[in-house]
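Peer 1: Right, I'll just put the structure down here and ask away after.
Taken together, the values in this text are just the output of simple stated rules run on the coordinates, not laboratory data. Note that the coordinates shown come from a computational prediction; the quantities given were computed from them, not determined experimentally. Ideal geometry is used to build each Cβ from the backbone, glycine not excepted, and the neighbour counts take in all protein chains shown.
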Amino acid sequence: MPLRLAYDRTGGLNPEPHAAPLCMPTHPDVFEWLDGRVGPLHLRQRLGIEADQEALVFGRGIKFFHLENWYSVHAVIRAGLRFCGLLGRARQNAMSIELRHHQVHILDLPPAFDGFKVLHLTDLHLDMHEDFPEVLAERVQGLDYDVCVLTGDYRYRTFGPFDRALEGLRRVRAHLKDPVYGVLGNHDSIRMVPGIEALGIHVLLNESATLRRGDDAIHLVGIDDPHYYRADNLERACRDIGPGSVSILLAHSPEVYQHAAHAGIDLLLCGHTHGGQLCLPGGAPLLYDANCPRRMARGAWTYYGLKGYTSVGAGSSIVGVRLNCPPEVTVHELRRM
């Protein structure tokens with residue numbers, strides 16, 4: 001069932017009838033709740049892959065190489081940066097989150113949404129460093145925006161406990177204005193969804209949400225991770241969106257760009273790549289992990305009629321360092337064409 005929410009006259013959110021659950025289920029069987037939310041096939045797929053592939057460096061099938069689980073490489077990266085005299089600077093860079101502003105011109109954007117602002121956060125990896133949630137919370141305090149969206153990877157590792165990630169998310173959520181929507185990334189377990197929604201973050205699991213201002217409306221579409229789990233279902237997510245409606249797709253990675261463009265999506269917001277995280281001077285990534293053109297690895301891009309933005313992320317993966325690729329949070333301002 002798609003999540004339907006609408007602005008009231010005071011700028012808050014009122015759920016329309018038959019809205020999806022927005023808080024921790026009271027039923028003791030969380031898996032039964034998830035089964036009802038996403039369907040038995042999606043749930044079996046997600047949980048099965050999580051069980052089969054967690055903690056592997058060399059896997060089977062969907063993703064052969066899991067660099068984030070190869071813990072020897074962490075020491076190699078740190079040693080290499082230390083040898084070059086860059087380790088201290090790279091660690092400091094990882095905690096220096098920049099604020100970026102991006103204007104998106106959208107054809108036939110409803111007049112009431114001209115100037116509408118979307119705060120985009122992604123790749124938080126909140127349990128990697130104890131101080132990071134406070135650093136991020138300070139960065140987002142006082143920002144001017146109308147809706148906040150999170151495009152996945154709340155956890156540092158791709159497996160294991162997620163309590164620390166949820167606690168870090170709670171600390172950041174306390175400084176975010178309503179409404180807040182999110183999707184899951186390849187580091188996130190579907191078992192995290194009840195805890196995330198208990199914080200007042202509306203997770204879109206191949207679902208859509210309607211945002212209204214007066215008589216005008218736009219749609220947020222959210223899909224499950226298209227990179228590793230390949231549990232995305234854009235057709236299901238868009239099933240209640242009429243032709244000609246303006247829609248913004250939230251996805252963890254840009255790899256869904258072709259399907260999004262030909263589905264008539266107007267704007268794709270994503271992350272996952274970290275922009276390379278460790279880059280050459282000028283920003284050329286040494287490595288990025290996504291099946292898409294290199295020009296889509298960071299920043300704004302277009303594909304046919306689709307506008308896209310791949311954030312380099314606020315957090316860090318594998319090692320808490322960044323070079324020539326500062327972390328970011330981004331405010332996108334929608335403008336009529």
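Peer 1: How far apart, in nanometres, would the label points at Ala112 and Leu280 be if each is projected 7 angstrom from Cα along the Cα-to-Cβ direction?
Peer 2: Once both label points are built, they end up 5.0 nm from each other.
Peer 1: Still on this structure, please answer the following. How far, in nm, would the chain grow between His105 and Glu130 when pulled straight, counting 0.36 nm per residue and subtracting the alpha carbon separation? It would help to have the intermediate numbers written out before the result.
Peer 2: Values: separation 25, 0.36 × 25 = 9.00 nm, distance 3.84 nm.
Computed gain between His105 and Glu130 is 5.2 nm.
Peer 1: At R0 = 25 Å, how high is the FRET efficiency between Glu98 and Ala174 if r is their beta carbon distance? Nearest 0.05 is fine.
Peer 2: Details: r = 22 Å, r/R0 = 0.88.
About 0.70, to the nearest 0.05.
Peer 1: Which percent, to the nearest 5, of DSSP beta bridges fully inside segment 20-336 are antiparallel? List each step's numbers first, then the result.
Peer 2: Working: 18 of 48 bridges.
About 40 percent, rounded to the nearest 5.
Peer 1: Given points 7 Å out from each Cα along the Cα-Cβ axis, report the Gln258 to Val30 separation in nanometres with one decimal.
Peer 2: Once both label points are built, they end up 3.6 nm from each other.
Peer 1: Taking the beta-carbon count within 10 Å as an exposure proxy, list Phe116, Phe159, Phe132 from fewest neighbours to most. Mind showing how you got there, number by number?
Peer 2: Values: Phe116 22, Phe159 17, Phe132 25.
Fewest-to-most Cβ neighbours within 10 Å comes out as Phe159, Phe116, Phe132.
Peer 1: Report the Cα-based extents of segment 20-336 along its three principal axes, largest first, to the nearest Å.
Peer 2: Extents along the principal axes, in whole Å: 60, 44, 36.
Peer 1: I would also like to ask the following. Using +1 at the C-beta of Lys and Arg and -1 at the C-beta of Asp and Glu, which of Gly308, Gly282, Asn324 has the Cα lying farthest in the positive direction of the dipole of segment 281-337?
Peer 2: Gly308
Peer 1: Would you please put 31-41, 243-253, 218-228 in order of how densely packed they are, using the mean number of other Cβ atoms within 10 angstrom per residue and starting with the highest?
Peer 2: Values: 31-41: 15.4, 243-253: 22.1, 218-228: 25.2.
Going from most to least packed, we get 218-228, 243-253, 31-41.
Peer 1: Then there's this: With a sphere of radius 15 Å drawn around the Cβ of Gly283, what net charge do the other residues whose Cβ falls strictly inside it have (Lys, Arg +1; Asp, Glu -1)?
Peer 2: That works out to +3.
Peer 1: Next question. Determine ³J(HN,Hα), in whole Hz, for all residues of segment 271-277 in sequence, where each value follows from phi through the Karplus function 6.51 cos²θ - 1.76 cosθ + 1.60 and θ = phi - 60°; x replaces Gly and Pro.
Peer 2: Along segment 271-277, the couplings run x, 6, 6, 6, x, x, 6 Hz.
Peer 1: Using modelled amide H (1.01 Å from N, peptide plane; none on Pro or chain starts), what sits under 5 Å from the amide H of Glu328, excluding residues fewer than 5 places away?
Peer 2: Hits under the 5 Å cutoff: Glu98, Gly313, Ala314.
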